[in-house]
Structures are given as C-alpha cells and as structure tokens.
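Peer 1: My structure is below; once you've seen it, I'll send some questions.
Quick note: the coordinates plus some simple rules give every number you see, no bench work behind them. On a predicted model such as this, the values are computed, not experimentally measured, just so you know. No Cβ is skipped: glycine too gets one built from the backbone with ideal geometry, and neighbour counts run over all protein chains shown.
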Amino acid sequence: MDKRRRTSRIGSVAAVGKTTLLLVTSVACVAAASTPAHAVDLIAQAPNEFVNRPGWAGVGLNLGNIETGVTAKMWATSRMAVQTALGVRPEGNAMRFNVDLTYTPYLWRSADGQYGLPFYFGAGGVLGHAFATDARPSSTEVGVRAPLGMSILVRNNPVELFFEIAPEFTVRSSTAPAQGRYTVYADGAIGLRYYL
C-alpha cells in the first residue's frame, strides 16, 4: 500500500512539474514568435517601468504541488532578487519554508512595451517539518533547490504573476520506511505578488 501511494505521489509530482514546464515553455514560444528580431533588453534600458526595481518588495500567494502558502520577493538590483515562500504540504500536517537568490539574465518586452517577461534561475535552500500522526512519526527535512521560472509584468502595474519549477534534493531526519531518508522533488508553482 505504501509503495503504491509513494508511486502515485511521485507520478503526480512529475505530472505537475511537466505541466508547469510546458506552460512556461509555451508562453515563452508565443512571446518569442510575436517579437520582432530586434527585441530589446529592458533590464539595461528601462528597468524602472516594471516592478524589478532595486529595493522594491512584493508579497502574495504561492500555489504549488509541494508547498502552498504565502510568498515574498525583494529586488536587490534589476537583475538580482531574493524570494521566499512559507506554506503547507498537500497532506496538511506539514510546513515548508524556502528561500532563493535569483538572477534574471534577460527581460523580454512586447512590441508595444506594455508587457515584460523576465526569465530567471537561482539557487536556494528548503526547510520542512512534518508533524507526527497515527500513521507516521514527526520528521524534519532540509535541502537545496534550483528554481527556474518566468514572471509576467505589466508596465506601471504593481502585480507580478510567476510560473516556476524547482528541482529539490532533501535529507529527512526520520528513517520511517514509508518516507525514506533522501528525497528528490520537482516543485512546480504558480502565483502572484503585489508590490508595495
């Protein structure tokens, strides 16, 4: 039974990860197809039109296959930002926290300059705790993650929509057979942040 549940969980994680990656790729392809060959890098030319301004901070909601809760992001420069999320796992009796340093190498802009799509990648850490139930003991996990994603920004609009997938490797304190000691996740997430 545990093996079947674990196989089902791995299958659902993989499915959400593939769906998120497919969505990000589709939006990127549509954006690239509608862009003239001379698309400009707004990060270098007009970073203050969008929310990726140094010192700007946003808070919002994060909906993911591993973690659903609140998220925050603060831009250190127009390319570098720190993002974080705190939420619960789908089982409902476990909490997770992650923090990432992200880098945006390129920000695509629509032909009319109204929309920007920053593509980003980064590195970070994750900390989680599952509370004890009748079926399993409590456990704590710690690990590393590598987010890869894209945001949708509108000029002079304080809202950021984002899509992200983050491979994760964690080590768990519990050695319960149903959980295993080492885990590899594909954490897919979508969400929004409002910049204050």
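Peer 1: Please check which bits of segment 97-130 a label hung off Asn156 would reach, taking the label as a point 7 Å along Cα-to-C-beta and the cut-off as backbone N under 18 Å.
Peer 2: Only 110-116 fall inside the zone, counting backbone N under 18 Å.
Peer 1: Still on this structure, please answer the following. Add +1 for every Lys or Arg and -1 for every Asp or Glu among the other residues with Cβ under 11 Å from the Cβ of His129, and state the total.
Peer 2: After counting each charged neighbour, the total is +2.
Peer 1: Read phi for every residue in segment 101-109 and hand back ³J(HN,Hα) as whole Hz from Karplus 6.51 cos²θ - 1.76 cosθ + 1.60, θ = phi - 60°, with x for Gly and Pro.
Peer 2: Using θ = phi - 60°, the values come out as 9, 10, 10, 10, x, 8, 10, 7, 10 Hz.
Peer 1: Which number comes out as Rg/Rh for segment 106-196 once both Rg and the Kirkwood Rh are worked out on C-alpha atoms? The partial results should precede the final answer.
Peer 2: On the way: Rg = 18.1 Å, Rh = 15.5 Å.
With Rh from the inverse mean 1/r over Cα pairs, Rg/Rh is 1.17.
Peer 1: Ranking Trp75, Trp56 by Cβ neighbours within 10 Å, fewest first, what do you get?
Peer 2: Least crowded to most crowded, the residues run Trp56, Trp75.
Peer 1: Further question: Within segment 75-111, which residues have the backbone N less than 13 Å from the label spot 7 Å out from Val184 along Cα→beta-carbon, could you tell me?
Peer 2: Flagged as within label range: none.
Peer 1: Please list 3J(HN,Hα) in residue order for segment 51-61, calculated via the Karplus relation 6.51 cos²θ - 1.76 cosθ + 1.60 where θ = phi - 60°; whole Hz, with x for glycine and proline.
Peer 2: Residue by residue, segment 51-61 yields 6, 7, 9, x, x, 7, 10, x, 10, x, 10 Hz.
Peer 1: Sum up the charges of everything whose Cβ sits under 9 Å from the Cβ of Glu160, counting Lys and Arg as +1 and Asp and Glu as -1, but leave Glu160 out. Write down the numbers at each step before the final one.
Peer 2: Numbers: positive: Lys73, Arg193; negative: none.
Around Glu160, the charge tally is +2.
Peer 1: Same structure, new question: For Asp134 and Met74, calculate 0.36 nm times their separation in residues minus their Cα-Cα distance, and state this gained length in nm to one decimal.
Peer 2: Difference between extended and current length: 17.6 nm.
Peer 1: Rounded to the nearest 0.05, what FRET efficiency is calculated for Ala111 and Tyr194 with R0 set to 25 Å and r the Cβ-Cβ distance?
Peer 2: 0.40
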